[in-house]
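Below: one structure, written as structure tokens.
The values are calculated or read from the model by the stated rules, or taken from the named source; none is laboratory data. Note that the structure is a prediction, hence the values are computed from the model and not measured. Methodologically, a virtual Cβ is constructed for each residue, glycine included, from the backbone with ideal geometry; neighbour enumeration extends over all protein chains shown.
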Amino acid sequence: MPTKLSPEMCYLAGIVSKTRQEEKSMVGVTTTIDAMIENFVELALKLGIDSKKIVIEDMDGMRHVYFFHSKIAKEIREITEKETKIFKYKNSYSSSFLAGMYDASGKVRNGKVSISRLTRADELMLQNLGIHTKGSSIMNIKYFFDFIKEHSILMNER
């Protein structure tokens, strides 16, 4: 289990759970949203990552921001692997984790909200928190947005 669970670590775990990481010790996100890049960098600095170790690359209209840190990457993997146990209560930890998932791969199209690449564990965790899904679609959108609004960068960008 992580040494200290925090909303910041949970948010990063949510992002990483929906982002393909190229290496085991890599923690990062790919996005076009400047506010997400800024927030990711702030969180990394809060976790003690040296600013010189945070890399921002431009690639095909997207920006990839990441750092390498084996201990943080391991803790994030442990959080994700145990998400149904850790995030079974409505609190800032589960809200942060879901906000990270939504910010990394959430979409709003034609009045419908979805999160790409939901796993069975994600679906179970969401159900336990009272958030109903059908495939990758969120069925009770207002409830979902009310739950994550405090921690989501995407929601605050709209």
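A compact table of results
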| quantity | calculated |
| --- | --- |
| Close pairs (8 angstrom Cβ cut-off, 6 or more residues apart or separate chains): not assigned by TED's automatic domain parsing to the domain that holds Gly100 in segment 38-67, aromatic (Phe, Trp, Tyr) and part of a strand (DSSP E or B) anywhere | Ala44/Phe67; Ile49/Phe67; Lys53/Phe67; Lys53/Phe68; Ile54/Tyr66; Ile54/Phe67; Val55/Tyr66; Val55/Phe67 |
| Out of Ser95, Ser116, Ser70, Ser105, sole residue that is in contact (Cβ under 8 Å) with a residue 12 or more places away in the chain and in contact with a His (Cβ under 7 Å, 6 or more places away or on another chain) | Ser95 |
| When residues of segment 83-110 are limited to those that are out of contact with any helix residue (DSSP H, G or I) (no Cβ under 8 Å at 6 or more places or on another chain) and not hydroxyl-bearing (Ser, Thr, Tyr), the one nearest to Met9 (Cα to Cα) | Asn91 |
| Complete set of residues in segment 17-60 that are under 23 Å from Ile148 (Cβ atoms), assigned to a helix (DSSP H, G or I) and touching a strand residue (DSSP E or B) at 6+ places or on another chain (Cβ under 6 Å) | Ile37, Phe40, Ala44 |
| Pick from segment 133-154, criterion within 21 Å of Glu81 (Cα to Cα) and not β-branched (Val, Ile, Thr), ranking: surrounded by the most Cβ atoms within 10 Å (Cβ to Cβ) | Ser136 |
